[in-house]
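A short worksheet on the structure shown next.
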Amino acid sequence: MKWTKKSHEFDETADRLQTAFYRKKKQLYIFGAGLIGERLEWVFKKTGCFAGYLDNDTEKQKTGVNGERVLSLSQYMESGEDGWLILAAGEKNMPLIERQVLEAGLKRESDFYLYQEFMERFFPILAVYEYDRLWIDLVQISLTERCSLKCRKCAHACYAVESTRSDMSLETVKQSVDCFFKKVDMVGEFVLIGGEPFLYADMSAAIAYIGETYRDRIRIFSITTNGTIVPQQEVLDACRKYKVHIRVSDYSAALGRLEKQYIRLRESLDQNKISYVFGDKERQWFDYGFERGSRKRQEEELIEVFDRCKTPCREIRGNRYYFCVMARSVSENLQLKVGEDEYLDLDQPENDDKKTLLEFQMGYSEKGYLAMCDFCSGAEAVKALIPAAEQWEEDTDRREQ
Ligand code: SF4
Ligand code: SF4
């Protein structure tokens, strides 16, 4: 979307939302006291609008959750309490809960919201306009573009990065998070990524700095890894101390040799009492098709591609805030020099306004798209499935292509 009234794009939506929110006494109830609900509880409490839980589980109604009361829907309806219900359930249960609240006479976008829609489209606006708090669901920082694998279709084009390439300096890591948290109040998940982040030599110091300085503003502090490296003890110690959650992308379906490595990694994480999750074995990826080059799209089509894409992958890099980590990294790693100046400069006073950052975060920019969108299949990538984690076998193999 193109900026037409920068820092005022959401004024009307905010006005409508706030009026409705005041009618509901600024209270948010979470219907679903599970993992999704807990994630919402954290951010609603930070803004002071959490009113309680509802859940169908009678055990939770008896005991409460996290020290919070849990009502049944009928108790809520009979109590006369009246807020917005935020339905927090996975794909399977959501239709059941939605039917339940509709049958109770509640209306969508008047009495209740589905959490994905609320958190993507409405809560960030409410948080800034009502509470002067900027909330960002997900942000990443790429510590190194080097990787221990060389996947042919790496969406960051890390296969093209020499193993001798310098990583982000620790000073730049500190500058990145300082710049970012000067403007942003709360983050749902803050992720250290790569390349392979456990190749980063200053990992324990980076974790310690972020953990010491900003941990209370981050709901989930995580590292996404391909699981090929068992971290050194000082890194494990830092992960435990600052409650870093490890997310392992499981490429063992394509690379059987990783099974043994994963066993060693699990043992180490278990021994060090670090929380982790292995994703499902990845067999297929979406192909963004960056290496196919420019699609020669015109402005209107580029804006359409960008608007349909809805990538959640924001990135910080020094004073630069990027909308799409793939666009930045592919351009840089393939030395395309495309869209190099397409970021929000967090050091510029004109970007001090939280509303400007909110708008950028939600997809507004001067052009309304990124130059790299011309090299990308965007939302259409889901239709182009490719085998996951296929490797470039040798450097010579790469040069021949
Ligand atoms: S493991 Fe991940 S970062 Fe590394 S080359 Fe493969 S897709 Fe890229
Ligand atoms: S369409 Fe644009 S914003 Fe979306 S992933 Fe591709 S380059 Fe990034």
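Just going by the charge dipole of segment 155-294, with Lys and Arg at +1 and Asp and Glu at -1 on Cβ, which of MET203, VAL244, ALA160 is farthest out on the positive end? The listed residue farthest towards the positive side: VAL244. Centre-to-centre, using Cα atoms only, segment 71-129 and segment 213-232 are separated by 32 Å.
Using only the alpha carbons of segment 60-211, what is the convex hull's orientation-averaged projected area in square nanometres?
Averaged projected area of segment 60-211's Cα convex hull equals 13.3 nm².
Across the chain, the mean sequence separation of Cα contacts (distance under 8 Å, 6 or more residues apart), normalised by length, yields a relative contact order of 18 percent. Listed cross-link partners LYS182/LYS241; LYS6/LYS354; LYS46/LYS241; LYS5/LYS367 are compared with a 18 Å cut-off, the Cα-Cα value being larger for LYS182/LYS241; LYS46/LYS241.
Close amide H partners of TRP285, meaning residues 5 or more places away or on another chain with modelled amide H under 5 Å apart, are ILE386, ALA388. Basic side chains Lys and Arg get +1 at the Cβ, acidic Asp and Glu get -1 at the Cβ, and with that the dipole of the chain about its Cα centre reaches some 580 debye. Taking amide hydrogens as placed 1.01 Å from N in the peptide plane, the amide H of LEU71 sits under 5 Å from those of TYR53, LEU54, ASP55, each at least 5 positions away in sequence or on another chain. Highest-first packing order for the peptide set 138-147, 105-114, 230-239 is 138-147, 230-239, 105-114, based on the mean count of other beta carbon atoms within 10 Å. Positive-end ranking of VAL325, GLY339, ASN351 along the dipole of segment 301-351, with charges on Cβ about the Cα centre, is headed by VAL325. Computing FRET efficiency as 1/(1 + (r/R0)^6) for ALA104 and ARG165, where r is the C-beta to C-beta distance and R0 is 45 Å, gives about 0.20.
Modelled this way, with points 7 Å down the Cα-to-C-beta line, the labels at LEU114 and VAL277 are 2.0 nm from one another.
Near ARG314, the amide H atoms lying under 5 Å from its own belong to GLN140; only residues 5 or more places off or on other chains count, and H is placed 1.01 Å from N. Secondary structure note: in segment 11-131, about 5% of the DSSP beta bridges are antiparallel.
Sorting 243-253, 188-198 by their mean Cβ neighbour count within 10 Å, with the most densely packed peptide first, gives 188-198, 243-253.
The charge dipole of segment 251-401, taken about the Cα centre with unit charges on the Cβ atoms of Lys, Arg (+1) and Asp, Glu (-1), comes to about 620 debye, rounded to the nearest 20. Over the C-alpha atoms of segment 270-380, the Rg to Rh ratio, Rh being the Kirkwood estimate, stands at 1.05. Unpaired cysteine residues in the chain (no second Cys Cβ under 4.7 Å): CYS49, CYS179, CYS239, CYS309, CYS313, CYS324, CYS373, CYS376.
Take the Cβ atoms of MET362 and GLU234, set R0 to 41 Å, and the FRET efficiency comes out at 0.60. The listed peptides 343-350, 204-211, 115-122, ordered by packing as a protection proxy, come out as 204-211, 115-122, 343-350 (highest mean of other Cβ atoms within 10 Å first).
Radius of gyration over Kirkwood radius for the chain, both on Cα atoms: the Rg/Rh ratio is 0.98. Reported to the nearest whole Å, the Cα centre-to-centre distance from segment 131-204 to segment 1-28 is 32.
Here, each number is a calculation from the coordinates, and none is a lab measurement. Given the structure is predicted, the values throughout are model-derived calculations rather than measurements. Neighbour counts run over all protein chains shown; Cβ positions are idealised from the backbone, glycine included.
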